[in-house]
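Participant: So that we are looking at the same thing, I have put the structure below in structure tokens.
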Amino acid sequence: MPSQTSLDAALDSVLDPVFEKPMRAIGSLLESHLDGTKASLRIKLPSPSPTIEAKARRRLEEACRSAGVTEIAIAIDVEVPTREVMGDDPIPGVRNVILVMSGKGGVGKSTTAVNLTLALAKLGHRVGLLDADIYGPSIPTMMGVSGQPISKDGKMISPLERFGVKMMSIGFLLEDDKQAIVWRGPMLHGALQQFLKDVDWGPLDFLVLDLPPGTGDVALTMAQKLKVTGVVMVTTPQEVALQDVYKSVSMCHKLALPILGVVENMSFFVDPAGNRHELFGKGGGDKVAAFAQAPLLGQIPIVQAVREQGDKGLPIVQADPTSEASEVFLSVAEALVEKVLKDHFERTGGTMVPAGKGPTRLKIMR
Ligand SMILES: Nc1ncnc2c1ncn2[C@@H]1O[C@H](COP(=O)(O)OP(=O)(O)OP(=O)(O)O)[C@@H](O)[C@H]1O
Ligand SMILES: [Mg+2]
């Protein structure tokens with residue numbers, strides 16, 4: 001017959017699935033009660049990711065069984081850690097802001113931003129996508145969304161929504177999608193600020209920004225306005241792309257924008273016979289990652305369907321979630337989440353966000 005003491009002793013050594021420290025000590029094992037041979041646990045996880053949940057369950061169940069428990073119920077609170085929010089932050093309910101950028105044009109920033117956002121949503125996060133490319137918005141086409149956002153109260157604009165993603169783009173505000181935008185720097189700055197403070201993003205775990213090419217104004221504006229969680233740097237493998245990407249890495253370092261990781265897009269092509277071709281050479285992603293001192297989050301293959309689905313407004317992660325490219329995007333999202341969580345944990349000295357601070361969700365047991 002198990003005892004509360006033997007159960008607690010077994011649980012004390014269970015390691016957190018993300019931080020690999022004892023769950024009880026870092027505050028992620030909240031409660032453990034024994035009723036006969038049934039244990040009821042309450043834990044706190046920093047992400048709704050099913051992989052993280054499964055790992056936690058496996059470890060806890062093993063510990064409970066070793067203490068003689070036969071029936072185990074685990075209630076899970078999910079609270080995604082938040083970036084630092086200052087008093088004048090325009091989006092205090094947004095826990096993490098991710099900038100998808102590259103010094104180089106056409107490397108797949110928008111494709112990555114869209115599919116990464118959808119992958120984060122598939123893991124269970126509350127997500128938004130902000131098209132910060134004011135002169136060349138791609139999000140309306142890639143996400144298959146048109147129409148004008150409305151304002152319910154005449155003050156805040158409601159973002160458009162598709163596939164569970166809240167979205168805002170200058171493209172939604174143009175009467176004709178072929179219309180040129182003839183704004184200069186200060187107006188761009190103004191539009192972006194409006195997209196932050198006048199859009200009702202609500203509580204979000206991640207807001208992903210699709211940046212225009214270049215080292216540019218947008219990253220600077222963002223760094224001035226709020227605490228950005230970090231940057232996902234996109235590159236392609238070939239030398240000629242790298243010089244421009246290095247410049248944007250340097251700019252991030254100057255602005256103290258953390259680089260969370262690098263995505264190498266168009267890494268390889270697999271022909272119908274199954275042979276792999278590195279059309280643009282190889283090693284670019286590793287070189288950028290080394291220069292940025294950040295992990296290489298993934299290598300996305302060149303797949304015709306990625307382009308086709310992007311043009312159709314049905315991104316590959318949504319259209320065909322089990323395809324090879326989608327699986328890479330999903331693993332990029334998991335690696336990104338892990339990096340964000342671990343960085344936060346290190347920065348805050350291992351303390352979790354105090355309960356009751358900011359929007360919390362109680363997750364229904366699976
Ligand atoms: N892995 C891929 N396989 C096939 N096509 C791709 C892939 N990644 C991107 N593309 C296609 O390449 C083109 C450029 O991609 P995308 O618009 O995402 O790049 P970008 O870096 O955002 O460009 P810009 O600098 O103009 O904003 C698009 O037509 C897109 O569908
Ligand atoms: Mg783009």
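Participant: Go through ARG42, ARG95, ARG58, ARG65 for me and flag whichever is closer than 30 Å to ASP133 by Cα and of a type in the set (D, E, K, R). Write out each step before concluding.
Facilitator: Numbers: ARG42 fails: closer than 30 Å to ASP133 by Cα; ARG58 fails: closer than 30 Å to ASP133 by Cα; ARG65 fails: closer than 30 Å to ASP133 by Cα.
Within the list ARG42, ARG95, ARG58, ARG65, the selection yields ARG95.
Participant: Please find, among ILE76, ILE91, ILE134, the residue that is assigned by TED's automatic domain parsing to the domain that holds GLY230 and either buried (at least 18 other Cβ atoms within 10 Å of the Cβ) or within 16 Å of ligand 1 (Cβ to nearest atom) (or both).
Facilitator: Just one listed residue meets the conditions, ILE134.
Participant: Then there is this: Conditions first: (1) without any contact (Cβ under 8 Å) to a residue 40 or more places away in the chain; (2) part of a helix (DSSP H, G or I). GLU20 passes all but one, so which condition is the exception?
Facilitator: If we test GLU20 against (1) without any contact (Cβ under 8 Å) to a residue 40 or more places away in the chain; (2) part of a helix (DSSP H, G or I), just (2) comes out false.
Participant: Which of the residues spanning region 220-237 are free of Cβ contacts under 8 Å to residues at least 60 places away in the same chain and surrounded by 17 or more Cβ atoms within 10 Å (Cβ to Cβ)?
Facilitator: The answer is THR221, ALA223, PRO237.
Participant: Still on this structure, I have one more. Given the conditions (1) free of Cβ contacts under 8 Å to residues at least 40 places away in the same chain; (2) more than 16 Å from ligand 2 (Cβ to nearest atom), report the number of the one that ASP217 does not fulfil.
Facilitator: (2)
Participant: Of the residues that sit in region 307-331 and are closer than 14 Å to GLY108 by Cβ, buried (at least 18 other Cβ atoms within 10 Å of the Cβ) and not aromatic (Phe, Trp, Tyr), which one is farthest from ligand 2 (Cβ to nearest atom)?
Facilitator: Checked region 307-331; the qualifying residue farthest from ligand 2 (Cβ to nearest atom) is VAL328.
Participant: Looking for whichever is under 21 Å from GLY128 (Cβ atoms), in the same structural domain as VAL303 (by TED's automatic domain parsing) and either outside any helix (DSSP H, G or I) or within 11 Å of ligand 1 (Cβ to nearest atom) (or both) here; the options are GLY274, GLY261, GLY281, GLY214. Which one fits?
Facilitator: Values: GLY274 fails: under 21 Å from GLY128 (Cβ atoms); GLY281 fails: under 21 Å from GLY128 (Cβ atoms); GLY214 fails: under 21 Å from GLY128 (Cβ atoms).
On inspection, the qualifying residue turns out to be GLY261.
Participant: In region 108-145, what residues are more than 9 Å from ligand 2 (Cβ to nearest atom), in a loop (DSSP other than H, G, I, E, B) and closer than 19 Å to GLU308 by Cβ?
Facilitator: The answer is GLY144, VAL145.
Participant: Sticking with this structure for a sec: Kindly indicate the residue of region 258-273 that is touching a strand residue (DSSP E or B) at 6+ places or on another chain (Cβ under 8 Å) and more than 17 Å from PRO213 (Cα to Cα) and also surrounded by the fewest Cβ atoms within 10 Å (Cβ to Cβ) among those meeting that condition.
Facilitator: My answer is ASP271.
Participant: Only one of these conditions is not met by GLN304: (1) without any contact (Cβ under 8 Å) to a residue 40 or more places away in the chain; (2) in contact with a strand residue (DSSP E or B) (Cβ under 9 Å, 6 or more places away or on another chain); (3) under 24 Å from SER326 (Cα atoms). Which number is it?
Facilitator: Failed condition: (2).
Participant: Quick check on my filter: what residues within region 206-235 are charged (D, E, K, R) and in contact with a Gly (Cβ under 9 Å, 6 or more places away or on another chain)? Break it down into steps so the answer makes sense when it comes.
Facilitator: Restricting attention to region 206-235, the residues satisfying the condition of being charged (D, E, K, R) are 210, 217, 225, 227.
ASP217, the sole residue that qualifies.
Participant: Follow-up. Looking only at region 69-103, filter to residues that are small (Gly, Ala, Ser) and within 22 Å of ASP217 (Cα to Cα); which one of those is modelled with the lowest pLDDT?
Facilitator: Ranking the qualifying residues of region 69-103, first place goes to GLY103.
Participant: Could you list, in sequence order, the residues of region 274-294 that are small (Gly, Ala, Ser) and surrounded by fewer than 19 Cβ atoms within 10 Å (Cβ to Cβ)?
Facilitator: Correct list: GLY274, GLY281, GLY283, ALA290.
Participant: Looking only at region 100-120, decide whether some residue is away from ligand 1 (no atom under 16 Å from the Cβ) and assigned by TED's automatic domain parsing to the domain that holds PHE206.
Facilitator: First pass over region 100-120, keeping only residues away from ligand 1 (no atom under 16 Å from the Cβ): 120.
This time we only want the ones that are assigned by TED's automatic domain parsing to the domain that holds PHE206, so: 120.
Yes, because at least one residue in region 100-120 is away from ligand 1 (no atom under 16 Å from the Cβ) and assigned by TED's automatic domain parsing to the domain that holds PHE206.
Participant: Another one. Take the residues of region 223-258 that are within 17 Å of the chain's Cα centre (by Cα) and not in a loop (DSSP other than H, G, I, E, B): which is farthest from PRO92 (Cα to Cα)?
Facilitator: Across region 223-258, the extreme among qualifying residues is VAL234.
Participant: Something else: Enumerate the pairs (first residue in region 47-71 and closer than 17 Å to ALA10 by Cβ; second residue anywhere and part of a helix (DSSP H, G or I)) with beta-carbon separation below 6 Å, excluding pairs fewer than 6 apart on the same chain, so at least 6 apart or on different chains.
Facilitator: Listed pairs, sorted by first residue: ALA63/ALA10; ALA63/LEU11; SER66/ALA10; ALA67/SER6; ALA67/LEU7; ALA67/ALA10.
The values are calculated or read from the model by the stated rules, or taken from the named source; none is laboratory data. Worth saying up front: this structure is predicted, and the values here are computed from it rather than measured. Every residue, glycine among them, receives a Cβ derived from its backbone with ideal geometry; neighbour counts consider all protein chains shown.
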